[in-house]
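The values are calculated or read from the model by the stated rules, or taken from the named source; none is laboratory data. In this text, all values refer to a predicted model and were calculated from it rather than measured experimentally. Neighbour counts run over all protein chains shown; Cβ positions are idealised from the backbone, glycine included.
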Amino acid sequence: MIDGADPCDEVWAYGLRNPFRFSFDRLNGDMYLGDVGQGTTEEVSFQPVASIGGENYGWDPCEGPFNRGATAGTCTNLTTPHTLPILHYNSTGRCSVIGGYRYRGSSLSAYGKYFYGDYCTGEIFIGTETAGTWNGVVAPIQVNDFGLFGFGEDVDGELYVADANLDQLLRFDFPDSVVLFNNGFE
């Protein structure tokens, strides 16, 4: 299937390269999806709960919002409309986006922000939405020797991150820190 021509009924969405970790917003059911790029751009895609499916997220003519292999401009290689990622970052020095969660816990300063990261660097990013436009920044969190593996949330909407290198589960203690929650989990 190219550019969505004659999609099969069982295909919900297409144009994803390597989806890694997705979550549903506990407030409204929207889906957030980390999609690993090929070498220039990592992206987070979005699908609203009201979607009827069939979104084309652009891979492989596009990587993030750009033509595949480019790091600027707009993807012009598709012959049909596609859904742009809500967040993206340059892969240089990084390797794989890890999809996270839109925070719905008790911290007012973090509420509604989307937390995601990069597997190789352990960087954690914070995505903020303003009137439908997203902006991502590197979080002011420093964790040494970090192997970011995934995010999770508890029953209260509090956020956790898994460290594969140190076998630790870390809990966010807002406004801007991560603290050790448990050691030696499997």
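So is Asp30 under 14 Å from the mean Cα position of the chain (by Cα), surrounded by fewer than 17 Cβ atoms within 10 Å (Cβ to Cβ) and not polar (S, T, N, Q) or not? Taking the combined requirement at face value, the residue satisfies it. Here Leu27 meets each of (1) without any contact (Cβ under 8 Å) to a residue 60 or more places away in the chain; (2) under 22 Å from Tyr116 (Cβ atoms) with one exception, condition (1). One residue is enough: does region 56-78 have a residue meeting the conditions closer than 25 Å to Gly150 by Cα, aliphatic (A, V, I, L, M) and free of Cβ contacts under 8 Å to residues at least 40 places away in the same chain? No - not one qualifying residue is present in region 56-78. Looking only at residues of region 33-56 that are hydrophobic (A, V, I, L, M, F, W, C) and closer than 17 Å to Gly99 by Cβ, we find that the one that is surrounded by the most Cβ atoms within 10 Å (Cβ to Cβ) is Val44.
Is region 71-85 home to any residue that is within 10 Å of the chain's Cα centre (by Cα) and of a type in the set (A, V, I, L, M, F, W, C)? There is no residue in region 71-85 that is within 10 Å of the chain's Cα centre (by Cα) and of a type in the set (A, V, I, L, M, F, W, C).
Listed by first and then second residue, the pairs linking a residue in region 145-173 that is β-branched (Val, Ile, Thr) to a residue that is modelled with pLDDT under 90, with Cβ atoms under 6 Å apart and 6 or more places separating them unless they lie on different chains, are Val161/Leu170.
Taking the condition farther than 13 Å from Val44 by Cβ, surrounded by 19 or more Cβ atoms within 10 Å (Cβ to Cβ) and not basic (Lys, Arg), does Leu108 pass? Lay out the reasoning, then the answer.
On the way: farther than 13 Å from Val44 by Cβ: yes; surrounded by 19 or more Cβ atoms within 10 Å (Cβ to Cβ): no; not basic (Lys, Arg): yes.
Considered against the rule, which asks whether it is farther than 13 Å from Val44 by Cβ, surrounded by 19 or more Cβ atoms within 10 Å (Cβ to Cβ) and not basic (Lys, Arg), Leu108 comes out as no.
Going by the structure shown, is Gln38 polar (S, T, N, Q) and either in contact with a Cys (Cβ under 8 Å, 6 or more places away or on another chain) or closer than 24 Å to Val155 by Cα (or both)? Show your work before the answer.
Numbers: polar (S, T, N, Q): yes; either in contact with a Cys (Cβ under 8 Å, 6 or more places away or on another chain) or closer than 24 Å to Val155 by Cα (or both): no.
When the stated conditions are applied, Gln38 does not pass them.
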